[in-house]
Amino acid sequence: MFLKNAWYVACTPDEIADKPLGRTICGENIAFYRGEANRVAAVENFCPHRGAPLSLGKVCDGKLVCGYHGLAMGCDGKTVAMPGQRVRGFPAIKSFVVVERYGFIWVWPGDAALATPDTIPHLAWHNNPAWAYGGGLFHIQCDYRLMIDNLMDLTHETYVHANSIGQKEIDEVPCKTTVEGDQVITSRFMHNISAPPFWQMALRGNNLADDVPVDRWQICRFTPPSNVMIEVGVAHAGKGGYDAAPEHKANSVVVDFITPETETFIHYFWGMARQFNPADAALTATVREGQGKIFSEDLEMLELQQKNLLAHPGRALLMLNIDAGGVQSRRVLERLIAQQQVATGAAVTTTAATAASIATASTCR
């Protein structure tokens, strides 16, 4: 169900600034906190003493202290101390590889030996004065793949977001979907159309006329495990469209990090990185507010869609050409998850064979 050998956004730094955070990711219940030298750490959210959630504890001298009986845990999952008790022989709980980068805390819920920080996606706008960024977090009751489907097929904007970014031309102009390795790209380019309300606001934010024809683009890029970056924008018609000079367009990247909690819940980290008028803090707040309203419109649709699918688990769904981005993204995920399962199975077989060999050798002595 989940690609565990991958990096997921776990939280933002402010969520663990004052106290530990408990969050389930890909079925793993994890406690995140700042340990020694203020470095982020993550361990299984389970105290080995009585099973209490460690996230309800506190951090003292870089150790995570259980809020039930005071057991102190190291970032490696080993018990360090407990008042009046000898506990260093306690079995270690699971620890997770975590990295703080680009304004997010990233976690690798799978095999720690395979975690390579270099594969965390590069976010060009972080700490870059040429960009402005604003975003947020939604907790949504849906399968993470439904959100990927939603983001890789933007024809729904015409209907779900009719008062903000939707317009009939999205329906009328076909999209193109390609697959490049593990990345799926769906793009749509619209020419000589009217800008919808959100993009009229964006044009004004870049000191451009909002009542003239524009060229509009949407380029959705899915990369595993569940990240979708969408290049969006409008330019005054006839100025080059996507390739127009900065003074003729308003362009951004819609940021979507979808972190599965369970099979039917997700943590959805959303945002917009903007390349026009980045120093305008008021514009950043306005864009963030607008994006938040747009994404909240998706929330109700996805949650009710999930309820329908759970109520009719065997019912076949229709597939249209507009679904190509989501379909191809699912195929990439299925392939990678299958490879992960094969690798895990081989590792289990090897471990079992090694254990059997040791047991036989011990018996023969």
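Summary of values
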{"read-out": "Residue within region 235-256 that is touching a Ser or Thr at 6+ places or on another chain (Cβ under 8 Å) and surrounded by fewer than 19 Cβ atoms within 10 Å (Cβ to Cβ) present", "value": "no"}
{"read-out": "Residue within region 265-288 that is surrounded by fewer than 19 Cβ atoms within 10 Å (Cβ to Cβ) and under 18 Å from residue 150 (Cβ atoms) present", "value": "yes"}
{"read-out": "Top-ranked residue in region 157-200 [being of a type in the set (D, E, K, R), in contact with a strand residue (DSSP E or B) (Cβ under 7 Å, 6 or more places away or on another chain) and more than 23 Å from residue 295 (Cα to Cα); ranked as surrounded by the most Cβ atoms within 10 Å (Cβ to Cβ)]", "value": "182"}
{"read-out": "Sole exception among (1) out of contact with any Ser or Thr (no Cβ under 7 Å at 6 or more places or on another chain); (2) under 25 Å from residue 227 (Cβ atoms); (3) buried (at least 20 other Cβ atoms within 10 Å of the Cβ) for residue 203, by number", "value": "(2)"}
{"read-out": "Positions within region 278-307 being outside any helix (DSSP H, G or I) and of a type in the set (A, V, I, L, M), in sequence order", "value": "279"}
{"read-out": "Qualifying residue in region 15-25 (condition: part of a loop (DSSP other than H, G, I, E, B), under 16 Å from residue 112 (Cβ atoms) and in contact (Cβ under 8 Å) with a residue 24 or more places away in the chain)", "value": "no"}
{"read-out": "Matching residues, region 309-323, being in a helix (DSSP H, G or I), open to solvent by less than 100 Å² (accessible area, probe 1.4 Å) and at pLDDT 95 or above", "value": "309, 311"}
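The values are calculated or read from the model by the stated rules, or taken from the named source; none is laboratory data. Everything numeric in this text was worked out from a predicted model, so none of it was measured. Glycine gets a Cβ as well: all are built from the backbone with ideal geometry, and neighbour counts include every protein chain shown. The accessibility values were calculated without ligands, DNA or RNA, using every heavy atom of the protein model including side chains. Shrake-Rupley method; radii C 1.70, N 1.55, O 1.52, S 1.80 Å.
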